[in-house]
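Report on the structure given below.
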Amino acid sequence: MTPPPPPQPGQDSLPALVDDLVSDILLRLPPDEPECLFRASLVCKTWNRLLSDRAFRRRYCEFHRAPPVLGFLHNRSGLAPFVPTTAFRPPDTEHCYAIGCHHGRALLRERRSPDFLTLWDPVTNEKQYVRMPDIPMASANGLVLCATPGCDHLDCHGGPFLVAFVGFDAGGEGASACLYTSETGAWSTPSYLQLDSYLNPQPPVVVGDALYLVCEDGETIMRDKFAGKRGLSLIEPPDVYEEGVVLMTVEDGGLGIAGLDMSTLYLWSLKTDPGGVSGWKTRGVIKLEMLPIDDLRSWRHLVGFAKGCTSDIVFVTTDAGVFKIDLKSEEATKVCEHGSSLVIFPYTSFCTPGRANCRLPSPAAT
């Protein structure tokens with residue numbers, strides 16, 4: 001009896017090998033063009049399965065390292081419309097006022113429910129509600145922070161969270177800060193600081209276990225340490241800029257600031273010397289000659305910051321509209337026709353099939 005021929009090497013693993021090759025190709029689709037992933041998912045069932053798999057989403061996020069800017073919220077006439085900078089289109093946010101965007105969630109206040117804060121995930125369209133803290137406030141600022149243990153914050157959606165919140169009352173306690181924890185469902189005991197200047201609605205930034213906020217037009221920076229030994233303190237900025245400042249994080253994870261003076265952008269970072277003394281160090285100067293503005297006297301204002309996929313990004317509003325400026329390439333892109341907003345809230349997140357509950361333009365519409 002003649003034995004059967006031996007199987008060809010790799011014959012049984014050929015489909016898996018093809019899947020791996022396709023996955024490696026799809027992995028390189030640009031995250032700031034989310035429609036590419038969604039169109040690829042319509043090619044066939046195999047590609048749809050690959051792109052919707054949780055393991056692929058994890059690899060995709062790790063490969064690109066930083067989520068893209070999908071758009072931004074800005075408060076106009078008491079509402080916070082979402083302005084897309086990509087093909088991503090979340091469901092409409094009616095009757096909302098934006099406070100901040102961080103770790104995949106936007107922090108909002110709704111006119112219909114003024115006693116509650118709304119936590120909204122634009123990608124999944126999930127909403128959660130937190131009762132406002134019992135602190136005096138005429139104005140407020142804050143952020144949502146992911147509290148999932150071990151999370152690298154590349155793809156935060158759902159899970160436990162914190163809300164770092166600061167209120168300001170000119171006629172009373174000054175500034176008050178407290179922290180909400182979803183695991184306990186309660187606000188912490190407030191911290192207080194006498195403050196003569198008001199809170200700027202500019203989005204705060206998180207550095208380590210502290211929240212940093214702009215006061216007035218950048219004359220002072222407030223530090224809200226929300227973990228460990230909690231408390232509020234003030235930091236002097238490197239300078240005062242008439243055309244706006246934004247706080248930012250720098251390469252080493254520390255605090256940075258950008259200030260606009262006429263057509264020049266000044267970049268700074270806060271450094272601590274071996275003796276423990278902190279001071280501002282200049283990081284660079286960028287001439288905004290890339291903006292399509294001929295008249296140096298025309299109105300412009302620095303209104304936002306975001307960490308993009310490959311570079312830091314600042315937003316400048318002008319008479320000609322809102323522009324995002326890539327600080328590495330020094331290229332400007334117009335993202336909004338209306339340039340009246342003095343504060344915008346950039347939203348960064350990966351948008352992948354199997355995760356997103358949003359609208360993307362059809363192939364025929366692009």
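Around Asp312, with a cut-off of 15 angstrom between Cβ atoms, what is the net charge of the other residues, counting Lys and Arg +1 and Asp and Glu -1?
Net charge around Asp312: -1.
Each other residue within a Cβ distance under 11 Å of Thr220 adds +1 if Lys or Arg and -1 if Asp or Glu, for a net charge of -4.
Annotation for region 153-254: GluC sites (Glu not before Pro) lying in DSSP loop with at most 11 further Cβ atoms inside 10 Å of their Cβ are Glu183, Glu251. Surface analysis of the chain yields an accessible area of 49 Å² per residue, using protein heavy atoms and a 1.4 Å probe. Applying the criteria of a DSSP loop state and at most 11 other Cβ atoms within 10 Å to the trypsin sites (Lys or Arg not before Pro) of region 12-81 yields Arg28, Arg65. Taking every full run of DSSP H in the chain, the ones that stretch at least 15 Å from end to end by Cα along their long axis and average 0.0 or higher on the Kyte-Doolittle scale are 14-26. Taking the chain as the region of interest, the number of lysine pairs whose Cα atoms are within less than 26 Å, with members eight or more places apart or on different chains, is 20.
Which entry in (1) 191, 139, 31; (2) 64, 52, 43; (3) 98, 54, 51 is this structure's computed Cα extents along the principal axes in Å? Checking each listed value against the structure points to (3). Counted residue by residue at 0.36 nm each, then reduced by the alpha carbon distance between them, the extension gain from Ala227 to Asp115 reaches 37.8 nm. Distance from the C-alpha centroid of region 320-336 to that of region 139-157: 27 Å, rounded to the whole angstrom. Extension gain for Thr272 to Lys45 (0.36 nm times residue separation, less C-alpha to C-alpha distance): 76.3 nm. Magnitude of the charge dipole for region 57-149, about its Cα centre and with charges confined to Cβ atoms of Lys, Arg (+1) and Asp, Glu (-1), is about 280 debye. Peptides 82-88, 69-75 ranked from most to least packed give 69-75, 82-88, packing being the mean of other C-beta atoms within 10 angstrom over each peptide's residues.
Only helices enter the 222 nm calculation for the chain: every DSSP H run of n ≥ 4 contributes -39,500 (n - 2.57), and dividing by all residues gives -3000 deg cm²/dmol, rounded to 500. Distance between the modelled labels on Arg58 and Glu183, one decimal in nanometres: 2.2 nm (7 Å Cα→Cβ projection). Extension gain, Thr148-Val240: 0.36 nm per intervening residue step, less the Cα-Cα distance, totals 29.4 nm.
Look at the alpha carbon pairs under 8 Å that are at least 6 residues apart: their mean separation over the length of the chain gives a relative contact order of 16 percent. Computed over neighbours whose Cβ is under 14 Å from that of Thr272, the net charge equals +1, Lys and Arg +1, Asp and Glu -1. Label-to-label distance, Asp20 versus Thr333, with points set 7 angstrom from Cα along the beta-carbon direction: 3.4 nm.
The values are calculated or read from the model by the stated rules, or taken from the named source; none is laboratory data. Computed from a prediction, not measured in an experiment: that's the story for all the values here. For neighbour counting, all protein chains shown are included, and Cβ atoms are generated from backbone atoms with ideal geometry for every residue, glycine included. SASA here: full protein model, heavy atoms, side chains in, ligands and nucleic acids out. Shrake-Rupley method; radii C 1.70, N 1.55, O 1.52, S 1.80 Å.
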